[in-house]
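Following: one structure in structure tokens, then a few remarks.
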Amino acid sequence: MSLALVNARVIDPATGRDRAGSVVIADRLVAALDAAPPQGSEVIDCSGLIVAPALIDAGVFAADARACLAGGIARVVLMPDRSPPLDEPALIEFAQRIGKPHVWVHPLAAATRGLAGAELAEIGLCQAAGAVGVATGRAALADAGVMFRLMQYASAFDLVVVSHAENTALTGGAVATAGEFATRMGLPAAPAFAEAIAIGRDLRLAAATGCRLHFRQVTTAEALDQIRAAKAAGVRVTCGVTPAHFLLAEDAIAGYRSFARLSPPLRHDTDRRAVAAAIADGTVDIVASGHDPRTQEDKRLPFADAAPGMVGAETLLALASTLVRDHGMAWPALLKTMTATPAAIFDLPGGRLEPGAPADLVVFDPDAPWRIDADRGAAAAGNTPFDGLPVQGRVTMTIKGGEIAWQR
């Protein structure tokens, strides 16, 4: 049976299309745009709503299907930080089955065995099993020689290397960014330039090897300037960020709010504003949730002992939409950071809205007001620093493979 979404604002970030129209779905594919609904099809009136490709969330730590579908996400790129780490082909194959049929998981292989930072994992075999890239995990590779060999090896397979951008010699044991708040609170802290040092090293290695390099999170103005320069010089580098680092600054940890304990830690307000500007000017390629459910036992601890991380799949679109209202981004440009661009970087299907494309779509109301409630969300846990925040923009329907997978 076919499905027709009519009277919608149809956005295809891959082409920049943004106009009123309709989408017809048949045989699990987008069949036509702006065509009359076929006889016998199910017709859904989308007046006042945006129809776009379903989101691709690049760099999650848990494939939380309920939260993803509630957030309009149909595909996730899964980090290798699991128990055990994704360093073998069998583990890659298993990870791909976690969220099916409605959320497709695309795993990243662990860069080193056990994510221990020493011996390279079987990257080629993991790619053959379905890995869409190779990642250092929650921490950077401290050994430059190991990172160099990793990039050489990954370049031979044209696999993107996903790096965590912090210099471990400076950040070991730190839970905050060095500055006024960390000093007042007596927290172990690291300088913000630890990120730029790590990025500078990896950019030089990427230039030497021709490797495709992606920094999952870039959170400081200095590091963003380095990436701009590297892109201009032809280095094959991309980068991403999560909403926390363009909406929150270090003052969010006041009162020892452990739900704001993140990795990398929240930065100074000048860095926060630099990140928002870098998304708008295209320096930052991907906006992702960094979805990382943590239990109450992990989070309700003294700040320095709490586990870093936050949930974000369900709230990704609403939080990212502040860039449209407050920073003048156009919806096609913002949606591209969560659809077409991650699809291109990780060689995934989806992320586009044209005849023949997979029928993975999100339908959302860009103006719908709601309040984030950690206790009533769809995520497996409620560890968000945005609890109680009023937001705009809410998903009303997620379609995967031509089927309505979730509906409000």
Worksheet, complete the sentence: Across the range 181-203, the tally of residues that are more than 16 Å from H214 (Cα to Cα) and touching a helix residue (DSSP H, G or I) at 6+ places or on another chain (Cβ under 8 Å) stands at 11
Worksheet entry | Single residue of I399, I404, I372 found to be over 17 Å from the mean Cα position of the chain (by Cα), among the β-branched types (V, I, T) and within 24 Å of L266 (Cα to Cα) | I372
Worksheet item: Given the conditions (1) assigned to a loop (DSSP other than H, G, I, E, B); (2) under 22 Å from the mean Cα position of the chain (by Cα); (3) not aromatic (F, W, Y), which single one is not true for H106?
Response: (1)
Item to complete: From (1) out of contact with any helix residue (DSSP H, G or I) (no Cβ under 9 Å at 6 or more places or on another chain); (2) in a loop (DSSP other than H, G, I, E, B), pick out the condition that doesn't hold for T283.
Response: (1)
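Listed here are the residues, each with its yes/no results for (1) at pLDDT below 95; (2) in contact with a Cys (Cβ under 8 Å, 6 or more places away or on another chain); (3) farther than 17 Å from A274 by Cα; (4) among the hydrophobic types (A, V, I, L, M, F, W, C).
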position: G172; (1), (2), (3), (4): yes, no, yes, no
position: E180; (1), (2), (3), (4): yes, no, yes, no
position: A190; (1), (2), (3), (4): no, no, yes, yes
position: F193; (1), (2), (3), (4): no, no, no, yes
Worksheet item: Out of A110, A116, A144, which single residue is in contact with an Asp or Glu (Cβ under 7 Å, 6 or more places away or on another chain) and either among the hydroxyl-bearing types (S, T, Y) or modelled with pLDDT of 95 or more (or both)?
Response: A110
Worksheet item: For the subset of the range 124-145 comprising residues that are assigned to a helix (DSSP H, G or I) and under 22 Å from the mean Cα position of the chain (by Cα), which member is farthest from G173 (Cα to Cα)?
Response: Q127
Fill in: Number of positions in the range 302-339 that are surrounded by fewer than 22 Cβ atoms within 10 Å (Cβ to Cβ) and on the phi < 0 side of the Ramachandran plot
17
Worksheet item: In the range 383-396, what count of residues is obtained for those that are crowded, with 17+ Cβ neighbours inside 10 Å and either farther than 30 Å from E297 by Cβ or within 18 Å of the chain's Cα centre (by Cα) (or both)?
Response: 8
Worksheet, complete the sentence: Counting only residues that are surrounded by 17 or more Cβ atoms within 10 Å (Cβ to Cβ), without any contact (Cβ under 8 Å) to a residue 40 or more places away in the chain and either aromatic (F, W, Y) or over 29 Å from A254 (Cα atoms) (or both), the range 153-199 contains a total of 1
Item to complete: Go through (1) surrounded by fewer than 17 Cβ atoms within 10 Å (Cβ to Cβ); (2) in a loop (DSSP other than H, G, I, E, B); (3) in contact with a His (Cβ under 8 Å, 6 or more places away or on another chain); (4) among the small types (G, A, S) and name the single condition G255 misses.
Response: (3)
Response to the item:
Within the range 257-286, the count of residues that are small (G, A, S), closer than 19 Å to G186 by Cβ and touching a strand residue (DSSP E or B) at 6+ places or on another chain (Cβ under 9 Å) comes to 1
Worksheet item: Given the range 319-386, what helices (runs of 4 or more DSSP H) lie entirely inside it while holding 1 or more residues that are at pLDDT 95 or above, more than 26 Å from A63 (Cβ to Cβ) and touching a strand residue (DSSP E or B) at 6+ places or on another chain (Cβ under 6 Å)?
Response: 331-336
Item to complete: Please work out which one of (1) of a type outside the set (S, T, N, Q); (2) in contact with a Ser or Thr (Cβ under 6 Å, 6 or more places away or on another chain); (3) part of a loop (DSSP other than H, G, I, E, B); (4) more than 24 Å from A176 (Cα to Cα) is the condition R228 fails and give its number.
Response: (3)
Fill in: Extreme residue, farthest from the chain's Cα centre (by Cα), among residues of the range 207-225 that are surrounded by fewer than 23 Cβ atoms within 10 Å (Cβ to Cβ) and assigned to a helix (DSSP H, G or I)
A208
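The values are calculated or read from the model by the stated rules, or taken from the named source; none is laboratory data. Not measured: the values here are computed from a predicted model. Backbone-built Cβ (ideal geometry, glycine too); neighbour counts: all protein chains shown.
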